[in-house]
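Chemist: I am attaching a structure below and will ask some questions about it afterwards.
The values are calculated or read from the model by the stated rules, or taken from the named source; none is laboratory data. Since the model is a prediction, treat every value here as computed from it, not as a measurement. Positions of Cβ are generated from backbone atoms using ideal geometry, with glycine treated the same way; all protein chains shown enter the neighbour counts. The area values use the complete protein model at the heavy-atom level, side chains included, leaving out ligands, DNA and RNA. Shrake-Rupley method; radii C 1.70, N 1.55, O 1.52, S 1.80 Å.
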Amino acid sequence: MNKIEYGMKLDFNQVLIRPKRTTLNSRSEVKLERTFKFKYCEEKWSGTPIIAANMDTIGTFDMYDVFSKHGIITAFHKFYTPEEFDEKKQYLDKNLYMISSGIKDSDFSRLERLYEMLEFKFLVVDVANGYIQTLVEFCQRVRTRFPNIVMAAGNVVTREVVEELILNGKVDIVKIGIGSGSACTTRLKTGVGMPQLSAIIECADAAHGVGGHIIGDGGITCPGDMSKAFGGGADFVMAGGIFSGHDENPGDFVEENGDKFKIFYGMSSKNAMETHYGKMDNYRASEGRYLKIKYKGSLENTILDYLGGLRSTCTYINANSIKDLAKCCTFVQVQNQLNVSLVM
């Protein structure tokens, strides 16, 4: 039996986007809003197809206040209680937030309480290992109970489980990415993963073939990476680390040698386990980093930088909208993409 799958699998830093003759004269001509119709949910959605990750330092109410102004979805972390949502529900737009859930019976009970309270539109069923059969079974249960929600689930990186989740789990959107996040150490601890760009290309093809969609989750380090994710076929892009370190992120500032930092950590890290569960079980290994992120100022500035980058990419390849980015995009494989000779 052949134990090695040959053929290069690529990450964002191993490609560039080939420019093309364009009729666009300005970034202002590019439309970033998209409209989607989903496989199982009858409602359409329109907005900017970026999702703030459901991490407890990112997917918060304060962050939502900024993202929602730009039509961006906030995936709220799963540790908010129904009571906390009840206090905020009058300020929340159903089209711009996503409820997060695990796959335990207690998670299902929480979803029932939240739906009764909010009638939420978007749900992400989120586990680190999307290859367990329990995930498919939980998604089937959710679809039966809440037939008209838009349901995402993950994380996976291969086509066969994308198809399984969509066709048998009755999921509308599959979340793609294992080990690609800046605060994730899964590849170090387990040796498991897939370069994110190749995972997006493969899984987008699989999902679109059966009427589903995907979220490219993780691996974004700069606006160009986000353009590459959309260029590879991602319908949505989820990011966490790039949205850390701002005034709106929770937590106090840490000062060292005159510089200001905010804390950012992975949701499978020891810190997250101890914060939300009181301990990390002995059978587990921490699969997340604890990072100090240099202060970046207002979240608004970072959002505008990324939206401007997306528009600029579109003008280089004659894509009138973010919807057209994938069909207009051709990648060039490279060994080096940046000149860093003067970067200190």
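Chemist: Would you calculate a helix-derived [θ] at 222 nm for the chain, using -39,500 (n - 2.57) for each DSSP H run of n ≥ 4 and dividing by the full residue count, to the nearest 500?
Modeler: Helix contribution divided over all residues of the chain: -9500 deg cm²/dmol.
Chemist: Amide H to amide H under 5 Å from N129: which residues, 5+ apart in sequence or cross-chain, H placed 1.01 Å off N in plane?
Modeler: N155
Chemist: How would you classify the chain from its alpha-carbon gyration tensor, with a ≥ b ≥ c the square roots of the eigenvalues: rounded for a/c under 1.5, else prolate if a/b is greater than b/c, otherwise oblate?
Modeler: In terms of gyration-tensor shape, rounded.
Chemist: Mind telling me which of Q140, Q90, Q196 comes out most flexible in a GNM of the chain, alpha-carbon contacts under 10 Å?
Modeler: Q90
Chemist: Only helices at least 24 Å long along their own axis, judged from Cα atoms, and with Kyte-Doolittle mean hydropathy of 0.0 or greater: name those in the chain from DSSP H.
Modeler: Long hydrophobic helices here: 299-317.
Chemist: Then there's this: With the contact rule set at Cα under 8 Å and sequence spacing of 6 or more, what percent relative contact order holds for the chain?
Modeler: Relative contact order comes out at 22 percent.
Chemist: Among E256, E300, E43, which one moves the most in a GNM of the chain with springs linking Cα atoms closer than 10 Å?
Modeler: For the chain, modelled as a Gaussian network with Cα springs under 10 Å, the answer is E256.
Chemist: In whole Hz and in residue order, list the ³J(HN,Hα) couplings for the stretch 235-244 that follow from phi through the Karplus curve 6.51 cos²θ - 1.76 cosθ + 1.60, θ = phi - 60°; x for Gly and Pro.
Modeler: With the stated coefficients, the stretch 235-244 comes to 7, 10, 10, 9, 9, x, x, 5, 9, 9 Hz.
Chemist: Shifting gears a bit: Mind telling me which of C222, C184, C203 comes out most flexible in a GNM of the chain, alpha-carbon contacts under 10 Å?
Modeler: C222
Chemist: Still on this structure: In the chain, with Lys and Arg counted as +1 and Asp and Glu as -1 at Cβ, which of these residues, F236, A204, I4, has the Cα nearest the positive end of the dipole, that is, farthest along it?
Modeler: Comparing the listed Cα positions along the dipole, I4 ranks first.
Chemist: Classify the stretch 1-82 from the C-alpha gyration tensor, please: rounded if a/c falls under 1.5, else prolate or oblate depending on whether a/b exceeds b/c.
Modeler: oblate
Chemist: Roll a 1.4 angstrom probe over the protein heavy atoms and tell me the percent of accessible area of the stretch 196-262 that is carbon or sulfur.
Modeler: Here carbon and sulfur together make up 46 percent of the probe-accessible area.
Chemist: Still on this structure: Choose one of I103, G309, F85: the residue whose Cα lies farthest towards the positive end of the charge dipole of the chain (beta-carbon charges +1 Lys, Arg; -1 Asp, Glu; about the Cα centre).
Modeler: The one lying farthest along the dipole's positive direction is G309.
Chemist: Still on this structure, please answer the following. With unit charges on the beta carbon (Lys/Arg positive, Asp/Glu negative), name the residue among V136, P147, G177 whose Cα is farthest towards the positive pole of the charge dipole of the stretch 108-178.
Modeler: P147
Chemist: Residues with amide H under 5 Å of K31's amide H, sequence separation 5 or more or different chain, H placed in the peptide plane at 1.01 Å from N; which?
Modeler: For K31, the qualifying residues are S321, I322.
Chemist: Leaving out ligands and nucleic acids, and using a 1.4 Å probe, what accessible area per residue does the stretch 101-219 come to in Å²?
Modeler: Value for the stretch 101-219: 37 Å² per residue.
Chemist: Hey, another quick one. Under a Cβ-Cβ cut-off of 14 Å, what is the net charge of the residues other than D93 that fall near it, where Lys and Arg count +1 and Asp and Glu count -1?
Modeler: +2
Chemist: Where the only charges are on Cβ atoms (+1 Lys, Arg; -1 Asp, Glu), what is the dipole of the chain about its Cα centre, to the nearest 20 debye?
Modeler: 960
Chemist: Measure off, as a whole percent, the carbon and sulfur share of the 1.4 Å-probe accessible area of the stretch 1-126, all protein chains present.
Modeler: Carbon and sulfur atoms account for 44 percent of the accessible area of the stretch 1-126.
Chemist: Right, something else. Check the straight Cα-Cα distances from K296 and name the lysines below 21 Å, setting aside those fewer than 8 residues away within the same chain.
Modeler: K69, K260, K262
Chemist: Additional query: In terms of modelled amide H atoms, which long-range or inter-chain residues lie less than 5 Å from the amide H of S100?
Modeler: F76, V124
Chemist: In debye to the nearest 20, how big a dipole does the stretch 34-89 give about its Cα centre with +1 on each Lys and Arg Cβ and -1 on each Asp and Glu Cβ?
Modeler: Dipole size: approximately 480 debye.
Chemist: Continuing with the same structure: In whole Hz, what ³J(HN,Hα) sequence does the stretch 14-24 give by Karplus (6.51, -1.76, 1.60; θ = phi - 60°), x for Gly and Pro?
Modeler: 9, 9, 10, 8, 6, x, 9, 4, 10, 9, 7
Chemist: Moving on to the next point. Suppose every Lys and Arg Cβ carries +1 and every Asp and Glu Cβ carries -1, with no other charges. What dipole size does the stretch 100-157 come out with about its Cα centre, to the nearest 20 debye?
Modeler: The dipole magnitude comes to about 60 debye.
Chemist: Here is a further query. Would you please classify the overall shape of the stretch 83-169 from the alpha carbon gyration tensor, given that a ≥ b ≥ c denote the square roots of the eigenvalues, rounded means a/c under 1.5, and beyond that prolate means a/b larger than b/c while oblate covers the rest?
Modeler: prolate
Chemist: Want the number for N336 to T221: 0.36 nm per residue separation, take away the alpha-carbon distance, what's left?
Modeler: 39.8 nm
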